[in-house]
Every structure is written in structure tokens, then in C-alpha cells.
Amino acid sequence: SQTIHQWPATLVQPVGSPLSLECTVEGTSNPNLYWYRQAAGRGLQLLFYSIGIGQISSEVPQNLSASRPQDRQFILSSKKLLLSDSGFYLCAWSIRVNQPQHFGDGTRLSIL
Amino acid sequence: DQQVKQNSPSLSVQEGRISILNCDYTNSMFDYFLWYKKYPAEGPTFLISISSIKDKNEDGRFTVFLNKSAKHLSLHIVPSQPGDSAVYFCAASIAGNQFYFGTGTSLTVIP
């Protein structure tokens, strides 16, 4: 069966520091991969999605970036975190478009 | 601009009764809808989906209804159980990767 791993579960970072969140999927090949953010009191907002290695689509302009160095690995990065980057970050995968997305357990990011 | 809205942030229901969670959307081009359930400190878990060519889909205690003319989606849980207490998100997409999520409704099932 397929599983998705996301780490770390919680992270506290100072303003201006870099960020790297990692997500890996097991048990499937060539999944579609997604990064979402849930800010306090808001719904899930799609940040990036990828349909293949090196293929990244960005939905919202921001100081975050995403990379997919391997088929089942998706990384969310920032060179300099802002206070507004605080939130709950979720990675998800789906077998193809317009299919249910399956989520990891998320990373709670707090910026100080 | 919030294209998918869940106007009730919370709902309380007695165990054994029906829970009805509602969702409204603004984009008539949405053709695929889903409901997710989320427990604290966990990611959302897929519950049930419906295509725009249908108006109802059932899976056990969960039924999703779609009213395209009203741009309204609802999730019925019958009978409600304490383990159903969670935050429920609806989501919609237009034949692609971009799913738009509502802000969630927190359901509490009272034993």
C-alpha cells in the first residue's frame, strides 16, 4: 500500500532563516505531488504541484520554492523565512489528476 | 477569493442522529468534489467524492449530495458516532490538479 512521509512534524524557526521540508511517497510510481499551507482560520491553499521529476507548478507567488529531485520526493524550501510563512504545511499525492489526494500528517511551522 | 465556502465553522450533533455538513461553491466549472476528514495534528483523510455528472454518492454511513443549480454540496453522516468528531473539509476542482478547499467545519458528536 502507498504511504506518505512528511517531516519534521513541528519546526520553530527565526525570521530570515532558511527552510527545508521534505516529503516522500512509498508504494507508487510517478505520483502527482502537492504542497499545501493552512494558515490559522483559513482553508487549505495549494502552493505547488508536480506531475513529474523537475516539473513544478506554482499557484501562489511567495518566497517559497519547491523541488522534485526524485520521482517520489518533494521538497519545500525558502531562503529567508517571513513571519507570514507560519502555518501548517501539508504534502499530498495522487495517482493522477482529478483523483483524491492523500495527505501526510503535516508540519507545524512557527516563525519567531 | 474563496471559491469554496463552508459557512458553518462548527456543528454539534447527538450520537445516532444525522450530521449534515454543507458547502457552497461559486465556480460553475467545478466538476469534481470531495470531502475530507481531519483529526488534530494529522493530515486530512479522504472520505468520499462525487463527479458533477452525479447528484448523489453513498459509501456506508456517508452520503454526498450535489446540487449543481444551487452550487451546493452536502455530506450526510447517518448515524453519527463519537469517532466522527473531526474537522470536515470540502474541496472542488476543474478536471485538474487544482483543488480548492473550504475552511472546514468542526463536527462534535455528543455521546
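Values quoted throughout were computed directly from the atomic coordinates according to the rules given, and no laboratory measurement underlies them. All values derive from a computational prediction rather than experimental measurement. Every residue, glycine as well, gets a Cβ built from its backbone with ideal geometry; the counts of neighbours run over all protein chains shown.
Things worth noting here:
- Efficiency of FRET from Cβ geometry, B:Val78 and A:Ser17, R₀ 35 Å, rounded to 0.05: 0.10
- Within 10 Å of the Cβ of each residue in B:39-46, the mean number of Cβ atoms contributed by other protein chains is 6.
- Residue mean of other protein chain beta carbons inside 10 Å, A:44-50: 4
- Relative contact order [Cα under 8 Å, 6+ residues apart], region B:4-110, whole percent: 38 percent
- Cross-link partners for B:Lys37 among the lysines, with Cα-Cα distance under 29 Å and sequence neighbours closer than 8 places in the same chain left out: B:Lys5, B:Lys54, B:Lys56, B:Lys68, B:Lys71.
- Along region A:12-23 the Karplus relation, 6.51 cos²θ - 1.76 cosθ + 1.60 evaluated at θ = phi - 60°, assigns HN-Hα couplings of 10, 10, x, 3, x, 7, x, 9, 8, 10, 10, 9 Hz to successive residues, with x for each Gly and Pro.
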